[in-house]
Amino acid sequence: MTKPAALSVKKISKHYQDGSRQIDVITDLSFSVAAGESVSVTGPSGSGKSTLLNLLAGLLELDNGDITLQLKDKTFSYRTANERSRTALRRQHIGYVYQFFNLVPTLTVLENVRLPARLNRRRDLESHASTLLAEFGLGDRLHDFPDVLSGGEQQRVAVARALLLKPPLLLADEPTGNLDAENSKHVADLLFSSCREQNISLVLATHSTDVAAMADTRLHLDSRLTPDKKSL
Amino acid sequence: MIALALLRFLARTPWSTAMALIGMALGVTSIVSVHLVSSSVSSRLDGLVPGPLAEYSHYLHRDKLNSAAYFTLRRSWRAGALPAVKQLSPFVDETTTLEGQSVRVLGADLLANPPSASTNTAAEQFSMNGAWVDQSLEGQLSIPVNGIIDAPKGTLLADIATAHDLLGWRADQLSYIGLALSDPFAGTIETAEKLLPGFGAGFPSAKPNLDLSPDWQLVSTAEQYPAREFGKSILFNISALGMLALLVAWLLIYQVAVSWLRRLWPVFDRLHVLGVEWQQLRLYFLFSIGLVATLAAALGLVAGWWLARWLLEMAVPGQEINLKLDSWVVFKAVGSAVAVCLLGGAWAFHQSQQTPGRRSLLVIITLVLLGGATWCVFQPQTGLAGGFFAIAALSLAASQMIAPLLIQLKQWASMIGGSYLLRIGAREALWHPGELSVAIAGLSLAIATAIGVALMVDSFRVDFSQMLDHRLKYDLIAQGDATALNELAHTNEPLTLASRVQVYRNTDIRVNGLSMELNTTRMDAFESSRYGYGASLATNNILLSEQAGKALRLSVGDTLAVSGETMTVSGLFSAFGDLKPRLIVDQGSPLAATIATELQIDSVAFTSDQPDALAASLREQFPALELRLQSDIRRVALKTFDQTFAITTVLITIALLVAAISVYIAVTTMRLNRQTGRQLLNTLGVNRAEQLLMNIALGTGLGLVAIIIALPLGILFGWILCNVINPRAFGWTIELQLSAEALLRSCTWGMLAAIAAGILQGGGREEGAFGER
C-alpha cells in the first residue's frame, strides 16, 4: 500500500535572470515524498539541486506550480504563502543542513542545537538537545564554540539541530560534501536513520553515489534533459 | 581584463562603494571645517596686533624710556652685543582722546617700514604728517589720512614725530622697543600653525637670555597682548579637540581603505591563484582606493567649507565671515584622504599577505607612548604642546588596545546570557577583531573626546558658577557714564533702599613692565570673601588674579613692588575671562594713595532687599548710568559661557558622526564577507524583526566595547584638560568634577551612534564578492 505524500511537488518552475538572458533552472518538475521516506537529488553542477532545496525551504519564490507540505493540522501551500509565512514554516516545520557554514559561530555547540527550540519557544525540547548531542557522540563538546570542532563534528551538530524539533521535512544540501569517507558515512547514517525513526521526510542533494544510494528514491536533475526524461 | 573585473564588482555593490566615498568625504569634511573655523578665529586674533608690530616677537620696556636709551641700545646691538636680535625699532603707543574719540595712537619709524594700507586715499596726498587709521576712524578726525589699515578698532598709525604731536609728548619720549629675535624653530612653528591653526600657541616659549641691564624688562607678544593670548589659548583648546577629530577622521579613512581591501580580497585571491602577481593586484587596489580618496577629498572640501561657514554663523552671529580654501587646507584635505588611504591601504595589503605575527612591537610602541604621555603631563616646561602630545599619545595607545581587548573578551563570550538572538548579536561584536578594531578605536576616541570635553566644560561651568556666586554678592551694579558714576559715589543723599554701597576704582598700570589692571575698593571681610580671602585685606597686602600671579611668577607670601610701594601677596583668585592680569588693594592702602590721581571710578555696587525698586530710583536720579541686576548678570554670563563652548558640542557631534560611519562601514564589510552566517539564520526562520534585534545587540556590543576604553580615556582627557592644558594655557586651574551627567550623556550618544551603525541595513542585500549562487 502506498503511503500518503507528506511533501508534494507539482509542476514547479524556477528561472534566474542574467541581464536580458533567462536561465531556466527548473522546469515543470513534479515528485512527492511520504513521511519517513527519503529522496536523494543528484545531478551535475548547475542542474538546480540547491535551487530545488531552496524552493522546498521557502527561501525562493516559485515561478509556476506548487509545493505542499502536510502538517499535523493542515496542508501548507507554498504557492499562496507570503515571505513571512514561509519564514514561519521554515522555523517550525523544516530542518536544514548545509555543506558547510552550518553553525552560528558565536553560539556554543549546545546553544546552536537549542536555537530552533528557543526560536519556537519550545523550552521543553531544550533538555533533549544535550541528549541528542550525547547520542551523536558530542556530549563532551557542549560548551565549545564551532571553530574548535572538526568538519565531521560540525556536521553532526548541524544534523542534531535539524532534528531537534522533529520537523516533518528535513532538507540537506551536500551534507557530506566536505567530509572524508569515514565521517561522510557516519553523518549520512545519522541522517537517514534518524529521519526514518522519527518519520521525517528527507530530501538530500548530493554528488556522492554512495550517499544517494542510501535514499528510498533517487531524483536526477539535468538541465539538458527535457522534463519528461527526468528520472524519479 | 582585471580592471574590468574590478570595475564590474564595484558596480555590482553600489551601496558599499557609495558608502566608502561618503564615509571618506565625511572624514575630509570634518578635517576641512575644523581647519577653516580655527583659521578664521586665528586671523581675527592676529588682527588684535596692529600690522607694524606683527614682525616683532618681543618688546623691551623700561621706566622713562627715551630716544637716548634707544640709541644706546642700538649702538650696542650694532656692535654685536645682542646676537639674538635680528631687528629693533622704537615705538610710541598710548591711548588718548582726540576730537572726542578714544584713539590708540601708535607711532612707528615709518621711513624704515612704510605701512601697507588696504585703501590709499590718494598717492599724491601721502604725508609724513598725516596718519593711517582703521576703518572705524575714517572721516572722524581732522588730521590728514593717508590710508586705511587693517588694525583693531580705534587705531591710528603715524610717524613717531606725528604721534608725539598728537599725544603732546616730549620729542624724545618712547613707549617701548620692538625686537625681532631669531628663533631656530620659527619656521617649524609657522608651518605647524598653517597646517593646524591655533597649534602654534602650544609651543613652549622660553624667554631669550639677552645681555641687558636689569632696568630693561623683556616681554613677549603674548604678555604684551594678553587678550590675543587668551583667545589663542581658547583656540588651542579647540585645536586640540580638532586634532582628535582629525585622528578620528584618519581612522575612518583608514577603515574605508581596509574595508575596500576586504571587499576585493576574495577577487584578488582568485586572481592570484590564476597567476596574477600580488604587486600588480596591489597597484590595482591602490589605484582604485586612491581614485575614491581623490573624489572624496573634492567633495569633503566643498562640504567642509559649508559646514565651517554654518559653524561660524552660529558661533559669531552677525559678523562677516570670509573663508578661503587656501593651498594649506587643500593640501591637508587631499593629503589626509589620499596619503592615509594609500599608506593605510598599502599597510593593510601587506598585512593581509602575512600570517599573524608577534605583537611585541605594538606592545613596546604602546608602552613608549604611555611613558611619553606621563612625562609630558608631569613636566610643566613641555608647555601646551606637552599636554597635547599626552592626549595624542594616549589616543594612539588606547586604539592599540582594542584588538587585544576584543580577543580577551571573546574568551569570556560564553558568559553572555539572555536571548539567543541577543547573544549572537552581542558576541558578533567581539568575534572579528581584525575587521572591527579600527572602527571601534575611532568610536572609542570620539566618545573619549566627548567625555573629556564634557567633563572639562562642566567642571569649568561649576567653577565659573561658583565664581559668579562669590562675585555677585551685590544685588545691583551701576556702570557707564564716568560723571554720573562720580556723582553717585559722592552723593550726600542717603540711599535708603541700599544696605551697602561699594565703590570700585581702577587704572591700568605697568608692573615689572607688564600691563595690568589695578582695582581699589574697601576690602573688608565681606568684600574680600568675594575673592576667596577670609578676612579684611591689610593695607600693605595685595590680591592677584591667577594670570597676574603666573605672569609675575608670584605666590602667596611673596612681596611685590608697585609704584614704589612694597606689598605682600596675600591671595590668588580665579578670574575666568579677564583680558588682563588684575591686582586688588584696599582703598586705604599707601599704594592707592600714591596712584590716587590715576584711579577712576569703574562701578558702584549695592546690596538691597529691594533691588528692583533701588534700580528704578537710581534710574530716575542718574539716567546716564547702566544698571544691571545681579540675576541678569548671572544669566547673561552663563549664556555667554555656553555660547563660547557651543562650538565644541558641534565638533564632538561631527567626531561621533564620523566614528559611527566608520563603524557602519566596518560592519557592512564584515557582513558582506560573512553572508553565510546571516543566510543560515534566515534558513532557520529568523525573521526581520528578530534580525533587527540582533543588529541592535551587535551595535550595543560595539558601543560597550568602545565605552570600556573610552570611559577611562575620556576621564584622563578631562583631567589633562583641567589640570594640564588650562593651567598652562590660561594660567588658571579648574577642579575636575566627575559629573555623572557628563559621563552618561557622552556614553549615551556614543552608544546611540554604535547602535545606529549596527542597525543600518542599506548594504545588507548586496552580494558578496562572488554573489550568492
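The values are calculated or read from the model by the stated rules, or taken from the named source; none is laboratory data. Every value quoted in this text rests on a predicted model; they were computed, and no experiment measured them. No Cβ is skipped: glycine too gets one built from the backbone with ideal geometry, and neighbour counts run over all protein chains shown. Only protein heavy atoms, including side chains, enter the accessible area calculation; ligands, DNA and RNA are left aside. Shrake-Rupley method; radii C 1.70, N 1.55, O 1.52, S 1.80 Å.
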Of A:Gly58, A:Gly46, the only residue that is part of a loop (DSSP other than H, G, I, E, B), out of contact with any His (no Cβ under 6 Å at 6 or more places or on another chain), open to solvent by 20 Å² or more (accessible area, probe 1.4 Å) and touching a residue at least 12 places away in the same chain (Cβ under 8 Å) is A:Gly46
Exactly one of B:Ala551, B:Ala561 is of a type outside the set (S, T, N, Q) and modelled with pLDDT of 85 or more, and that one is B:Ala561
Those residues of the stretch A:147-193 that are under 16 Å from A:Ala57 (Cβ atoms) and not in a helix (DSSP H, G or I) come to a total of 10
Those residues of the stretch A:81-93 that are of a type in the set (S, T, N, Q), open to solvent by less than 60 Å² (accessible area, probe 1.4 Å) and within 8 Å of chain B (Cβ to nearest Cβ) come to a total of 1
Note to self: Among the residues of the stretch B:635-645, are any more than 22 Å from B:Lys473 (Cβ to Cβ) and touching a Phe, Trp or Tyr at 6+ places or on another chain (Cβ under 9 Å)?
What the structure shows: yes
Practice item. Restrict the check to the stretch A:171-190 and report whether at least one residue is modelled with pLDDT of 90 or more, touching a His at 6+ places or on another chain (Cβ under 9 Å), surrounded by 21 or more Cβ atoms within 10 Å (Cβ to Cβ) and under 16 Å from A:Gln92 (Cα atoms). Key: no
How many residues of the stretch B:460-474 are under 14 Å from B:Ser603 (Cβ atoms) and either hydrophobic (A, V, I, L, M, F, W, C) or open to solvent by less than 40 Å² (accessible area, probe 1.4 Å) (or both)? The answer is 3
Can you spot a residue in the stretch B:421-428 that is more than 30 Å from A:Pro105 (Cβ to Cβ) and either open to solvent by 10 Å² or more (accessible area, probe 1.4 Å) or in contact with a strand residue (DSSP E or B) (Cβ under 7 Å, 6 or more places away or on another chain) (or both)?
no
Modelled with pLDDT under 75, under 30 Å from B:Pro214 (Cα atoms), open to solvent by 70 Å² or more (accessible area, probe 1.4 Å) and not in a loop (DSSP other than H, G, I, E, B) - does that describe any residue in the stretch B:112-133? no
Consider B:Gly685 carefully, then state whether it is within 14 Å of another protein chain (Cβ to nearest Cβ), farther than 30 Å from B:Ile407 by Cα and either hydrophobic (A, V, I, L, M, F, W, C) or surrounded by 17 or more Cβ atoms within 10 Å (Cβ to Cβ) (or both). yes
Among residues of the stretch B:27-43 being of a type in the set (Ser, Thr, Tyr) and within 12 Å of B:Leu196 (Cβ to Cβ), the residue most open to solvent (accessible area, probe 1.4 Å) is B:Ser39
Note: among B:Leu323, B:Leu343, B:Leu295, just one is under 17 Å from B:Leu261 (Cα atoms) and open to solvent by 10 Å² or more (accessible area, probe 1.4 Å), namely B:Leu343
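Listed here are the residues, each with its yes/no results for (1) buried (at least 18 other Cβ atoms within 10 Å of the Cβ); (2) outside any strand (DSSP E or B); (3) at pLDDT 90 or above.
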position: A:Ala6; (1), (2), (3): yes, no, no
position: A:Ile12; (1), (2), (3): yes, no, yes
position: A:Lys72; (1), (2), (3): no, yes, no
position: A:Gly95; (1), (2), (3): yes, no, yes
Per the list (1) over 34 Å from the mean Cα position of the chain (by Cα); (2) surrounded by fewer than 24 Cβ atoms within 10 Å (Cβ to Cβ); (3) within 14 Å of chain A (Cβ to nearest Cβ), residue check on B:Leu406 breaks on (1)
Scanning the stretch A:14-36 residue by residue, those assigned to a loop (DSSP other than H, G, I, E, B) and touching a helix residue (DSSP H, G or I) at 6+ places or on another chain (Cβ under 8 Å) turn out to be A:Gly36
Matching residues in the stretch B:298-320 (more than 19 Å from B:Ala249 (Cα to Cα), modelled with pLDDT of 80 or more and either crowded, with 16+ Cβ neighbours inside 10 Å or touching a Leu at 6+ places or on another chain (Cβ under 8 Å) (or both)) number 1
Selection over the stretch B:432-449 where residues are within 14 Å of chain A (Cβ to nearest Cβ) and surrounded by 24 or more Cβ atoms within 10 Å (Cβ to Cβ) yields a count of 1
Residue under question is B:Ala385, and the condition is that it be away from chain A (no Cβ under 14 Å) and either not in a loop (DSSP other than H, G, I, E, B) or not basic (Lys, Arg) (or both); does it hold?
yes
The residue from B:Gly452, B:Gly417 that alone is open to solvent by 30 Å² or more (accessible area, probe 1.4 Å) and of a type in the set (Gly, Ala, Ser) is B:Gly417
Quiz item: of a type in the set (Val, Ile, Thr), open to solvent by 50 Å² or more (accessible area, probe 1.4 Å) and either free of Cβ contacts under 8 Å to residues at least 40 places away in the same chain or farther than 21 Å from A:Ala215 by Cα (or both), is that true of A:Thr51?
Solution: no
Note on B:Asn322: of the conditions (1) part of a helix (DSSP H, G or I); (2) in contact (Cβ under 8 Å) with a residue 40 or more places away in the chain, unmet is (1)
Inside the stretch B:531-551, the number of residues satisfying the requirement of being buried (at least 19 other Cβ atoms within 10 Å of the Cβ) and of a type outside the set (Asp, Glu) is 12
The condition of being away from chain B (no Cβ under 12 Å), farther than 30 Å from B:Ser414 by Cβ and among the aromatic types (Phe, Trp, Tyr) holds, among A:Tyr78, A:Tyr16, only for A:Tyr78
Pairing a residue in the stretch A:94-121 that is within 17 Å of A:Asp140 (Cβ to Cβ) and at the interface with chain B (Cβ under 7 Å from one of its Cβ atoms) with any residue that is aromatic (Phe, Trp, Tyr) and open to solvent by 20 Å² or more (accessible area, probe 1.4 Å), where Cβ atoms lie under 8 Å and the two sit 6 or more apart in sequence or on different chains, gives A:Thr108/A:Phe145
Sole miss for B:Leu394 among (1) over 30 Å from B:Ile633 (Cβ atoms); (2) more than 20 Å from the chain's Cα centre (by Cα); (3) open to solvent by 10 Å² or more (accessible area, probe 1.4 Å) is condition (2)
Given the conditions (1) at pLDDT 90 or above; (2) buried (at least 18 other Cβ atoms within 10 Å of the Cβ); (3) assigned to a strand (DSSP E or B), every one holds for B:Thr566 apart from (2)
Residue count, the stretch B:239-253, condition surrounded by 24 or more Cβ atoms within 10 Å (Cβ to Cβ) and either at pLDDT 75 or above or among the hydrophobic types (A, V, I, L, M, F, W, C) (or both), comes to 9
